[in-house]
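Enquirer: Can you read through this structure? Questions will come right after.
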Amino acid sequence: MADDLMQKIISLCKRRGFVFQSSEIYGGLKSAYDYGPLGVEMKRNLMNAWWRDTVHSREDVVGLDASIIMHPKVWQASGHLSGFSDPLVDCKVCKERFRADKAPAVEPGQEVTIELADKGRAKAALTYIEEQFGVTLKRSGRQLNGAKAGDRPYVCPNCGSPFMSDERNFNLMFRSFYGPVDPMGALASAIESGEFNGLSGADLRQKLDGFTKDSTVYLRPETAQAMFVQYANIQQSMSLKIPFGIAQAGKSFRNEITVEHFIFRSCEFEQMEMEFFCEPGTEDEWFEYWKETRMGWWKKFANNPENFRVRTHEASELAHYAKGCYDVEYRFPWGWDELEGIANRTDYDLKKHAEHSGSKIEYFDPVERKRYTPYVIEPAAGATRGVLTYLCDAYHEEQVEGPKGTDTRVVLKLHPQLAPVKVAVMPLVKKNGMPEKARALVDALFRRGINASYDAQNAIGKRYRRHDEIGTPWCLTIDGETLEDGTITIRDRDTMEQRRIPIDDAVTEIETLLRSE
Ligand code: GAP
């Protein structure tokens with residue numbers, strides 16, 4: 001059922017131009033997606049709503065748009081170079097590489113079934129397991145029975161095998177090289193000259209790192225660090241008094257191993273993060289404040305607010321920098337999962353950057369005449385994950401009676417602020433001056449900054465359905481009566497109710513409806 005719903009959403013996204021697999025004609029790039037004409041509108045609407053509510057509606061938050069590539073020392077100071085890694089394991093039977101902490105759990109010694117893609121692979125695996133591990137299993141079709149879980153509390157997520165390599169830590173940051181240097185050229189010359197001959201594995205690794213370390217840079221794995229690094233510049237240039245926040249929205253990159261649930265986890269994604277700097281001792285209050293504020297924000301655009309909840313992190317789950325963390329979770333088709341983290345990062349980041357850069361990163365309170373390192377509360381949300389959340393929240397099917405009997409109507413009940421197209425304008429027929437009136441109305445809507453769409457293709461019923469499926473909240477139809485009395489119909493996407501309004505009032509009516517939502 002859950003898979004079924006995700007498949008329907010993925011299919012709608014492709015069919016109607018929301019999200020495509022990246023580089024699809026070349027076979028696609030795993031965990032990378034392109035936002036099509038409607039997807040980019042929806043993502044921007046979501047990010048603009050966040051910016052409006054987080055920056056433009058508050059006196060205590062300012063914005064930042066920082067470089068994606070930052071000085072490599074940033075990542076050393078933040079702990080990402082040493083600690084931003086996932087425990088990876090290789091399955092020795094099916095060769096899948098997976099995250100140990102995301103693999104299916106089993107009890108040590110529990111009997112498990114290994115399932116391969118086909119009978120041939122199962123036969124080959126049977127022989128391999130017997131030869132390599134001295135374990136004889138029973139084959140039934142493509143299944144192997146009789147294996148027992150070892151000491152590790154998980155099995156391979158692909159085939160269920162307990163035969164795997166040791167865990168290794170894999171850093172999630174994407175590496176690249178900066179400046180007019182080609183480490184590969186220098187490396188090739190060194191290999192040719194025999195510099196590497198006879199080196200042990202560890203020495204070889206160290207030597208290789210030496211060739212790349214001066215030019216290595218990283219694509220940021222979070223937008224947060226720039227807000228710590230630029231804290232002093234922003235506070236001083238804007239004369240900001242604590243408490244205040246710095247907000248940033250944009251791309252982040254993580255070399256994710258686990259491919260999960262469409263755009264939920266991708267290698268290139270967008271975040272909406274805010275670092276709120278406050279006086280030590282006031283952080284608990286602000287932590288609660290931001291939890292409530294962020295939870296209210298997500299629910300504001302939802303059809304089913306009960307599908308959002310807050311989960312408090314256990315002490316064992318906390319990141320090394322956090323004293324406390326709440327997750328805003330959404331009930332996705334596969335279960336509750338994270339949408340935003342709200343963390344109490346204490347003064348960890350500012351102190352680390354002060355220590356590593358040698359700069360003074362503090363706040364001087366001019367009234368109390370005291371100096372301190374501010375504490376930070378960080379609401380860190382996923383924008384691309386937010387798009388998936390609202391697609392799941394909005395997807396709706398209902399049975400309706402049509403001229404050919406009962407039919408399924410698919411509706412994206414997107415909040416009007418998030419809907420890619422706000423209003424469709426339709427001439428009932430392509431004659432009698434109706435197209436001209438419709439085009440003039442589209443132009444008038446454009447002039448007021450409203451994303452409208454002219455649609456004259458197919459019968460009117462089909463056009464309504466097409467716009468229901470992409471979440472267009474209102475359709476305006478020019479018909480015979482328009483020519484007689486200057487009125488048009490306005491149709492509501494969710495109720496399908498239609499009423500007549502003067503064509504001259506249409507733009508104001510749409511503006512009023514958009515404002516009232
Ligand atoms: N600065 C803190 C930070 O980055 P995080 O929990 O790692 O915290 C914040 O990320 C949010 O970014 C997550 O709650 C999630 O919504 C989103 N996010 C993280 N990794 C993601 C990925 N690989 N794909 C899509 N969204 C991701």
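Enquirer: Please go through segment 315-347 and give me each residue that is more than 13 Å from the ligand (Cβ to nearest atom) and closer than 24 Å to Phe277 by Cα, ordered by number.
Expert: Ala315, Lys323, Gly324, Thr346, Asp347
Enquirer: Same structure, new question: Just to be sure before I move on: is Leu350 within 16 Å of the ligand (Cβ to nearest atom) and under 18 Å from the mean Cα position of the chain (by Cα) in the structure I sent? Quick ask: steps written out before the conclusion?
Expert: Details: within 16 Å of the ligand (Cβ to nearest atom): yes; under 18 Å from the mean Cα position of the chain (by Cα): no.
Considered against the rule, which asks whether it is within 16 Å of the ligand (Cβ to nearest atom) and under 18 Å from the mean Cα position of the chain (by Cα), Leu350 comes out as no.
Enquirer: Which of the residues that make up segment 312-324 are out of contact with any Leu (no Cβ under 9 Å at 6 or more places or on another chain) and open to solvent by less than 70 Å² (accessible area, probe 1.4 Å)? Explain how you work it out, then say what you get.
Expert: Going through segment 312-324, the residues out of contact with any Leu (no Cβ under 9 Å at 6 or more places or on another chain) turn out to be 312-323.
If the condition is that a residue be out of contact with any Leu (no Cβ under 9 Å at 6 or more places or on another chain) and open to solvent by less than 70 Å² (accessible area, probe 1.4 Å), then His313, Leu318, Ala319, Tyr321, Ala322 are the ones that fit.
Enquirer: From (1) without any contact (Cβ under 8 Å) to a residue 40 or more places away in the chain; (2) in a loop (DSSP other than H, G, I, E, B); (3) touching a strand residue (DSSP E or B) at 6+ places or on another chain (Cβ under 7 Å), pick out the condition that doesn't hold for Lys95.
Expert: Status for Lys95: all satisfied but (3).
Enquirer: Take Phe264 and tell me if it is within 14 Å of the ligand (Cβ to nearest atom), open to solvent by less than 30 Å² (accessible area, probe 1.4 Å), within 18 Å of Gly341 (Cβ to Cβ) and among the aromatic types (Phe, Trp, Tyr).
Expert: Numbers: within 14 Å of the ligand (Cβ to nearest atom): yes; open to solvent by less than 30 Å² (accessible area, probe 1.4 Å): yes; within 18 Å of Gly341 (Cβ to Cβ): yes; among the aromatic types (Phe, Trp, Tyr): yes.
Yes, satisfied.
Enquirer: Here is a further query. Checking the condition open to solvent by 60 Å² or more (accessible area, probe 1.4 Å), over 30 Å from Gln235 (Cβ atoms) and not in a helix (DSSP H, G or I), which residue from Lys30, Lys14 passes? It would help to see each step written out before you state the result.
Expert: On the way: Lys14 fails: not in a helix (DSSP H, G or I).
Among Lys30, Lys14, only Lys30 is open to solvent by 60 Å² or more (accessible area, probe 1.4 Å), over 30 Å from Gln235 (Cβ atoms) and not in a helix (DSSP H, G or I).
Enquirer: Out of the residues in segment 218-257 that are within 12 Å of the ligand (Cβ to nearest atom) and surrounded by fewer than 17 Cβ atoms within 10 Å (Cβ to Cβ), which is farthest from Met47 (Cα to Cα)? Explain how you work it out, then say what you get.
Expert: Of all residues in segment 218-257, those within 12 Å of the ligand (Cβ to nearest atom) come to 220-228, 248-257.
In the following step, the residues that additionally are surrounded by fewer than 17 Cβ atoms within 10 Å (Cβ to Cβ) were identified as 251, 255.
Working: Lys251: 12, Asn255: 23 Å.
Per the criteria, the residue is Asn255.
Enquirer: Could you say which residue among Met434, Met426 is in contact with a Ser or Thr (Cβ under 6 Å, 6 or more places away or on another chain) and over 30 Å from Gly386 (Cα atoms)? Full working, then the answer.
Expert: Details: Met434 fails: in contact with a Ser or Thr (Cβ under 6 Å, 6 or more places away or on another chain).
Of Met434, Met426, the one residue that is in contact with a Ser or Thr (Cβ under 6 Å, 6 or more places away or on another chain) and over 30 Å from Gly386 (Cα atoms) is Met426.
Enquirer: Give me the pairs: first residue in segment 361-385 and free of Cβ contacts under 8 Å to residues at least 12 places away in the same chain and away from the ligand (no atom under 16 Å from the Cβ), second residue of a type in the set (A, V, I, L, M, F, W, C) and assigned to a strand (DSSP E or B), beta-carbon distance under 9 Å, and six or more apart or on different chains, which are they?
Expert: Lys370/Phe364; Arg371/Phe364
Enquirer: On to the next question. Condition check: of a type in the set (Ser, Thr, Tyr), farther than 21 Å from Gln76 by Cβ and at pLDDT 95 or above. Does Tyr363 satisfy that? Quick ask: steps written out before the conclusion?
Expert: Numbers: of a type in the set (Ser, Thr, Tyr): yes; farther than 21 Å from Gln76 by Cβ: yes; at pLDDT 95 or above: yes.
Taking the combined requirement at face value, the residue satisfies it.
Enquirer: Those residues that are acidic (Asp, Glu) and either more than 22 Å from the chain's Cα centre (by Cα) or buried (at least 18 other Cβ atoms within 10 Å of the Cβ) (or both), I need them from segment 57-102; list them, please. Spell out the reasoning first.
Expert: Of the residues in segment 57-102, the ones acidic (Asp, Glu) are 59-60, 65, 86, 90, 96, 101.
Those that are acidic (Asp, Glu) and either more than 22 Å from the chain's Cα centre (by Cα) or buried (at least 18 other Cβ atoms within 10 Å of the Cβ) (or both): Glu59, Asp60, Asp86, Asp90, Glu96.
Enquirer: Would you check which residues across segment 166-207 are on the phi > 0 side of the Ramachandran plot and open to solvent by less than 60 Å² (accessible area, probe 1.4 Å) and list them?
Expert: Taking segment 166-207 first, the residues on the phi > 0 side of the Ramachandran plot are 179, 194, 198.
Within segment 166-207, Gly179, Gly194 qualify.
The values are calculated or read from the model by the stated rules, or taken from the named source; none is laboratory data. Fair warning: this is a prediction, and the values are worked out from it, not measured in the lab. As a convention, Cβ positions derive from the backbone with ideal geometry for all residues, glycine included, and neighbour counts pool all protein chains shown. Areas reflect the complete protein model, heavy atoms only, side chains present, ligands, DNA and RNA absent. Shrake-Rupley method; radii C 1.70, N 1.55, O 1.52, S 1.80 Å.
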